[in-house]
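> Sharing a structure below in structure tokens format, with a few things to ask.
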Amino acid sequence: MIAAMDARGCRITGATPAGLHAFERALVSFQNWRAGADAAVEDALHKAPGFVMAHVLRAWQFLCSRDPRRMRLARPVFVKADGLSSSLREQRHLTAIAAVLGDDFEGAKAALGALLKLHPRDVLALQVAHALDHVTGDLAGLRERVAAVLPHWSYSMPGYHAVLAMHAFSLGECGEYERAEQAAHAALNANALNARAHHALAHVFEMTDRADEGVHWLDRHADAWGRDTVVATHCRWHLALFHLARGDGEAALALHDQHIGAGPSSDLSDLIDGAALLWRVELAGGDPGARWARLAQAWVPRIDDGFCSFNDLHAMLSFVGARDWDSAKRLEQSLARAQQLPTRHGETTRQLGLAACRALMAFGTGNDALTTTLLASLPAMAHRLGGSHAQRDVLHLTLLKSIERMRRPARNGFRAGAGMAWNGREALA
């Protein structure tokens with residue numbers, strides 16, 4: 001074993017030279033959303049079983065997720081790491097991991113924030129805190145946390161481009177689109193293969209209504225974000241939205257069928273993207289057809305997850321889209337119970353989740369008055385659902401469509417209450 005520092009000058013415990021080399025490879029992949037991090041961290045642990053930060057990285061890989069099944073895999077990793085000799089910095093990581101495992105996301109963010117004040121170049125702490133800010137819809141934290149450490153970084157330090165990409169995404173979510181675009185390009189100037197920087201640009205193009213530029217950029221740089229990355233499917237979701245904005249629903253559905261559609265092994269993130277895309281396609285007058293039923297079936301086992309209102313919202317989109325009213329009602333009943341609980345999910349369900357899901361059910365049955373009442377009554381802190389502005393826009397688009405349907409009733413034989421309240425493009429004219 002060696003007493004050493006990592007590539008950013010943070011002291012580490014229990015490493016070997018070979019283990020440290022594998023850890024750095026894993027961290028680079030994790031930072032840049034590229035494939036290979038899992039295998040590299042396992043290699044690090046094989047070569048240095050007592051390497052605390054390798055265990056910490058493994059735990060965070062599981063915990064940086066919206067999937068409670070994946071997150072539970074972090075517990076045995078944490079238990080093993082917690083039994084090792086560790087530094088104060090490493091102990092702060094373990095404190096934050098324990099907090100997330102205990103459903104205390106705010107406590108975890110506080111622990112990581114305290115760590116970053118002492119170690120602003122701990123890029124793993126920064127990335128995890130950034131992810132937790134995003135999941136909890138903490139826009140102030142998302143922006144200020146990265147901005148606070150930037151003065152301690154420079155182009156000479158490994159991984160600076162990833163910090164710039166986080167900064168770009170933060171700025172975009174706070175509406176500073178010009179600065180976000182500049183930061184993303186700065187990240188790509190340092191590393192053209194930084195997938196998260198390409199993703200940040202996709203958000204800028206989406207939020208500034210530049211669909212043509214979005215298609216052009218993502219198509220031209222597909223090799224950078226679309227191969228061996230963990231964000232390839234999600235970036236194709238962005239590409240589909242750009243095609244939809246250009247009026248090309250067929251191209252959007254083709255991307256769904258080739259890359260996003262629900263299958264037996266679909267990740268939760270793919271189910272979320274699928275629901276959000278198909279809902280938008282149908283709002284635009286398209287017909288997702290049997291795709292809805294396949295997606296709803298994939299969501300059914302997650303009805304009682306009781307973990308994340310953002311997930312609940314997308315499950316309800318799928319059930320309403322499929323006209324699977326039994327599953328929609330089951331989810332509504334599950335949320336009605338969850339809102340009574342003194343948990344993080346209980347709080348967001350009380351404040352936002354249940355009303356938003358009931359609004360989607362009302363929309364699907366043609367009750368536009370109830371839809372608009374429920375959606376318009378959501379508090380200004382709706383961003384606390386988590387996700388990005390681009391993802392949460394589905395609620396705003398639904399509200400606008402509901403208002404439009406009341407103002408100009410649908411034609412072509414629409415029957416209120418008989419499924420979705422749209423029947424092709426003529427109904428939206």
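The values are calculated or read from the model by the stated rules, or taken from the named source; none is laboratory data. Bear in mind the structure is a predicted one, so any value in this text is a computation, not a measurement. Counting neighbours? That spans all protein chains shown, and the Cβs are built from the backbone with ideal geometry, glycine included.
> Do you know which of the residues in segment 307-356 that are surrounded by fewer than 19 Cβ atoms within 10 Å (Cβ to Cβ) and in contact (Cβ under 8 Å) with a residue 40 or more places away in the chain is nearest to the chain's Cα centre (by Cα)?
Arg344
> Looking only at segment 94-123, which residues are surrounded by 22 or more Cβ atoms within 10 Å (Cβ to Cβ), touching a residue at least 60 places away in the same chain (Cβ under 8 Å) and assigned to a helix (DSSP H, G or I)?
Result: Val123, single match.
> Are any residues in segment 139-153 under 20 Å from the mean Cα position of the chain (by Cα) and surrounded by fewer than 16 Cβ atoms within 10 Å (Cβ to Cβ), and if so, which ones? Walk me through how you get there before you give the answer.
To start, the set of residues in segment 139-153 that are under 20 Å from the mean Cα position of the chain (by Cα) comprises 139-146.
Scanning segment 139-153 gives Ala140, Glu144.
> Which of the residues spanning segment 25-51 are in contact (Cβ under 8 Å) with a residue 60 or more places away in the chain and among the charged types (D, E, K, R)? Can you show your working first?
Residues of segment 25-51 that are in contact (Cβ under 8 Å) with a residue 60 or more places away in the chain, as a first pass: 27-28, 30-36.
Residue satisfying the conditions is Arg34 alone.
> Also, I was wondering about something else. Give segment 287-306 a look and list any residue that's surrounded by fewer than 19 Cβ atoms within 10 Å (Cβ to Cβ) and in contact with a Phe, Trp or Tyr (Cβ under 9 Å, 6 or more places away or on another chain), or say none.
Val300
> Can you confirm whether segment 246-253 contains a residue that is at pLDDT 95 or above, within 17 Å of the chain's Cα centre (by Cα), assigned to a helix (DSSP H, G or I) and buried (at least 16 other Cβ atoms within 10 Å of the Cβ)?
Looking through segment 246-253, none of the residues is at pLDDT 95 or above, within 17 Å of the chain's Cα centre (by Cα), assigned to a helix (DSSP H, G or I) and buried (at least 16 other Cβ atoms within 10 Å of the Cβ).
> Counting just the residues of segment 71-93 that are in a helix (DSSP H, G or I) and free of Cβ contacts under 8 Å to residues at least 12 places away in the same chain, which one comes out surrounded by the most Cβ atoms within 10 Å (Cβ to Cβ)? Outline the logic, then answer.
The initial filter retains those residues of segment 71-93 that are in a helix (DSSP H, G or I), namely 71, 74-82, 88-93.
Checking the rest, the ones that are also free of Cβ contacts under 8 Å to residues at least 12 places away in the same chain come to 76, 79, 88, 91.
On the way: Pro76: 11, Val79: 12, Leu88: 10, Gln91: 16.
Ranking the qualifying residues of segment 71-93, first place goes to Gln91.
> Here's a follow-up. Could you tell me whether Leu126 is in a helix (DSSP H, G or I) and outside the structural domain of Glu173 (by TED's automatic domain parsing)?
yes
> Let me ask something else about it. Consider segment 254-285. How many of its residues are in contact (Cβ under 8 Å) with a residue 40 or more places away in the chain and either closer than 21 Å to Ala359 by Cα or surrounded by 23 or more Cβ atoms within 10 Å (Cβ to Cβ) (or both)?
Our first condition is that a residue be in contact (Cβ under 8 Å) with a residue 40 or more places away in the chain; within segment 254-285, this holds for 267-269, 271-280, 282-285.
Checking which are either closer than 21 Å to Ala359 by Cα or surrounded by 23 or more Cβ atoms within 10 Å (Cβ to Cβ) (or both) leaves us with 271-280, 282-285.
So the answer is 14.
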